[in-house]
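Written below as structure tokens is the structure these notes are about.
The values are calculated or read from the model by the stated rules, or taken from the named source; none is laboratory data. On a predicted model such as this, the values are computed, not experimentally measured, just so you know. Don't worry about glycine lacking a Cβ; one is built from the backbone with ideal geometry, like all the others, and counts go over all protein chains shown. The protein model used for the area step is the full one, side chains on, heavy atoms only, and it has no ligands, DNA or RNA in it. Shrake-Rupley method; radii C 1.70, N 1.55, O 1.52, S 1.80 Å.
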Amino acid sequence: MSESVATRILGIESSCDETGLAVYDTRQGLLGEVLFSQIALHAPYGGVVPELASRDHVRRLPLLLEQLMLQTGGKRPDAVAVTAGPGLIGALLVGVNFARALAFAWDIPVIPVHHLEGHLLAPLLNGVAPFPAVALLVSGGHTMLIEVRGLGDYVLLGETLDDAAGEAFDKAAKMLGLGYPGGPALADLAEGGDPEAFRLPRPLLDRPGMDFSFSGLKTAFRLASMKVPEEDMTQRKNLAASFQQAVVDTLFRKCQRALQHTGLKRLIVAGGVGANRALRSALQTLAAEGVELCIADLAHCTDNAAMIALAGALHPEMAQSASADFPVRARWSLVKEEA
Ligand code: KG4
Ligand code: ZN
């Protein structure tokens, strides 16, 4: 796969509760994508049920492929990129085996992709060139600050010591009796609320470093929520807004620190929490400090296959035969620890 030749990559994402397929062309960009969310399937349980997720990926993938092929003209791709981790192991195996079967039938290579690298590269779908940069990776399972020195060269600057930012949103939402997924529900409730109404902690801001911690904030939130009557909508909105502001302030200050520490002037924001409007608008103000902000559009912050197809297109050296034995990993580190 040389760069001068247009290459079509079929991307497959099935690491958690979204089934996604997309076609990315190295010359023309994103040609089409389809996504099925399992929210309705898991909602009655208040969270993702791994076994149900795997079974639904099995059902959806062939149907979505058919839909995508109609959308993109049905041409055989040149390679198939698939999320090989981290994520729910059963869900990952469904996607990877589907990818292997297609690669075998079409006689094309498979490119295993790191899910978090997919998130990190998602802003490139809009054609921006984001390296070198600091990246804030905020998803349901991860909260990391990374120095992106180049493609595949990622150095860890800081990470969460306990809950991930998305997880904190989800848990706070649960305490308020909001459904799954909690992050967007809590953000909706916060709309129009007073972010100053409750004094909630900004963990680790008083200490140097770029690590995060959300467990103290979670406890403070729980104590505050116990005093808010369920029918008091104004107080509920204020509490949600105060929580969101505490998370946003923390993420914002740590990003500023990472930019100062590295001397870089570009910030990539990736992962589901990157879809949070309050966070997006707070980070926009960094432009006044000469920082170029690279955030994927809303649809490509949360899980999707376009970012996986793109990551595959950028890693042609990872292409291997359909029968090659590459690992599928529930846990998989993206970064090198800083020297
Ligand atoms: O990246 P993602 O789609 O999946 C993972 O790889 O984890 O991130 C999902 C996380 C969930 O915790 C979800 O509640 C959170 O991102 N999230 C949000 C918003 N949209 C998604 N959190 C706050 N505000 C949002 N608008
Ligand atoms: Zn994700």
Inset, instruction - Report the equivalent ellipsoid semi-axes for region 131-296 in whole Å, largest first, defined as the square roots of five times the eigenvalues of the gyration tensor built from alpha carbon atoms. - result: 28, 15, 14
Legend entry - Convex hull of region 40-160 built on C-alpha atoms - directionally averaged projected area, nm²: 9.3
Legend entry - Surface share of carbon and sulfur [accessible, 1.4 angstrom probe, percent] for the chain: 53
Legend entry - region 135-233: translational diffusion in µm²/s, Stokes-Einstein, Kirkwood Rh over Cα pairs, 25 °C, 0.890 mPa s: 164
Inset, instruction - Given the peptides 306-316, 264-274, 159-169, 197-207, arrange them by the average over their residues of other C-beta atoms within 10 Å, most packed first. - result: 306-316, 264-274, 159-169, 197-207
Legend entry - Principal axis box of the chain, alpha-carbon based, largest edge first, Å: 61, 47, 31
Inset, instruction - Kindly give the semi-axes, whole Å and largest first, of the ellipsoid equivalent to region 219-309, taking each as the square root of 5 times a Cα gyration tensor eigenvalue. - result: 30, 18, 11
Legend entry - Distribution of pairwise C-alpha distances over region 65-112, 5 Å bins, in %: 5, 22, 25, 24, 16, 8, 1
Inset, instruction - Could you let me know the centre-to-centre spacing of region 253-329 and region 127-175, using Cα atoms, in angstrom? - result: 8
Inset, instruction - Could you pull out every residue, at least 5 positions away or on a different chain, whose amide H is within less than 5 Å of the one on V269? Hs are placed 1.01 Å off N in the peptide plane, and Pro or chain starts have none. - result: L136, C294, I295, A296
Legend entry - Under 27 Å from the Cα of K227 - lysines, other chains or at least 8 residues apart: K171, K174, K218, K237
Legend entry - For region 46-61, 3J(HN,Hα) per residue [Karplus equation, 6.51 cos²θ - 1.76 cosθ + 1.60, θ = phi - 60°, Hz, x = Gly/Pro]: x, x, 6, 9, x, 5, 5, 4, 4, 4, 6, 4, 4, 5, 7, 3
Inset, instruction - Using a Förster distance of 51 angstrom, determine the FRET efficiency expected from the C-beta separation of S321 and Q256, and round it to 0.05. - result: 0.65
Inset, instruction - Would you be so kind as to identify which of P109, Q28, H300 lies farthest towards the positive end of the dipole of the chain, taking Lys and Arg as +1 and Asp and Glu as -1 on Cβ and the Cα centre as origin? - result: H300
Legend entry - Accessible area in square angstrom per residue, region 1-129, 1.4 angstrom probe: 42
Legend entry - Modelled FRET efficiency - R0 22 Å, L63 with A43, Cβ distances, 0.05 increments: 0.55
